[in-house]
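The values are calculated or read from the model by the stated rules, or taken from the named source; none is laboratory data. Being a predicted model, the structure only gives us computed values, none of them experimental. Cβ: placed from backbone, ideal geometry, glycine included. Neighbour counts: every protein chain shown.
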């Protein structure tokens, strides 16, 4: 059975399209789209690939990309108007690709950093080549005040090989994992592809997104990757990755209301899962409160 016959027979009866929760579509504010012309071209490419909703998630990286919540909202409003005038039926929602910072909780609370569509969910990007100290404490601390972190492209982090157990703990403790579509088709090389496939096989991946930056190598396409997912772990979970879970996130459902992951194939991963209350207790103990 083809992908589209599965979609049309289940979730797409009302015309729903796929949802991309990580895309650098806003023009001229980070290393993504360079101008409005490229943004419109990216939107057309996404639409042709079956994507109907895009979260605009520019980098927020102190010292490099000084984007703020209010500026991102204004940029999304402008692009939304331009896309409408161009006749492209793509829905845009607000968000950000937020880099790790000691005051991340304050940024989120004050609206300087944005969650996805003003929900409890937010994209968080740790450094690519260095595991920051006390990352686990920072992430779990944000959880205790009600946020749900989505770790962006863990398969592309160079330190995943030595710290896969951390990825397991996160995934088993309500930290969502988002892999990049391009990783599955080899656009980032063999190692990211290996780790993306392993996370899928191990039942540790919650979301598939484009992390698109342009119309070339980093284009907003998911079709080829979603087909690979469907063949590897089944059509139903492929739909969860690109439609059901993203929609639940945009609707601000609790993590327990999102479609469950397939049973993890790593015994130690299942053993590391703890309850929400245990997470809170552990963080407070570490903080000395």
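Of everything in the stretch 164-178, what is touching a residue at least 40 places away in the same chain (Cβ under 8 Å) and assigned to a loop (DSSP other than H, G, I, E, B)? Give them in sequence order.
Result: 172, 173, 174.
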Among the residues of the stretch 107-136, write down those that are in a loop (DSSP other than H, G, I, E, B) and at positive phi.
111, 134
When you scan the stretch 189-203, do you find a residue that is touching a residue at least 12 places away in the same chain (Cβ under 8 Å), closer than 27 Å to residue 72 by Cα and buried (at least 22 other Cβ atoms within 10 Å of the Cβ), even just one?
no
Per the filter on the stretch 6-32, residues crowded, with 17+ Cβ neighbours inside 10 Å, at pLDDT 95 or above and either part of a helix (DSSP H, G or I) or within 18 Å of the chain's Cα centre (by Cα) (or both) are 18, 19, 20, 21, 22, 23, 24, 25, 26, 30, 32
Examine the stretch 145-163 for a residue that is in a loop (DSSP other than H, G, I, E, B), farther than 18 Å from residue 125 by Cα and in contact with a strand residue (DSSP E or B) (Cβ under 7 Å, 6 or more places away or on another chain), and state whether such a residue exists.
no
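Quickly run through the stretch 96-120 and pick out the residues that are within 21 Å of residue 66 (Cα to Cα) and buried (at least 18 other Cβ atoms within 10 Å of the Cβ).
Once the filter is applied, which keeps residues that are within 21 Å of residue 66 (Cα to Cα) and buried (at least 18 other Cβ atoms within 10 Å of the Cβ), the stretch 96-120 yields 96, 97, 98, 99, 104, 107, 108, 112, 113, 114, 115, 116.
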Do any helices (runs of 4 or more DSSP H) entirely within the stretch 179-289 hold 2 or more residues that are modelled with pLDDT of 95 or more, and if so, which?
181-184, 190-201, 223-233, 235-239, 245-250
Residue 67 fails exactly one of (1) within 15 Å of the chain's Cα centre (by Cα); (2) within 17 Å of residue 32 (Cβ to Cβ), namely (1)
Restrict the check to the stretch 85-95 and report whether at least one residue is surrounded by 19 or more Cβ atoms within 10 Å (Cβ to Cβ), under 22 Å from residue 138 (Cα atoms) and without any contact (Cβ under 8 Å) to a residue 60 or more places away in the chain.
no
Suppose the filter is closer than 30 Å to residue 186 by Cα, part of a loop (DSSP other than H, G, I, E, B) and modelled with pLDDT of 95 or more; does residue 139 pass it?
no
Tell me yes or no: at least one residue of the stretch 59-68 is crowded, with 20+ Cβ neighbours inside 10 Å, touching a helix residue (DSSP H, G or I) at 6+ places or on another chain (Cβ under 6 Å) and more than 18 Å from residue 89 (Cα to Cα).
no
Quick check on residue 46: is it crowded, with 19+ Cβ neighbours inside 10 Å and at pLDDT 95 or above?
yes
For the stretch 44-106, list the strands (runs of 3 or more DSSP E) that sit wholly inside it and hold at least 1 residues that are farther than 23 Å from residue 226 by Cα; which are they?
91-94, 97-99
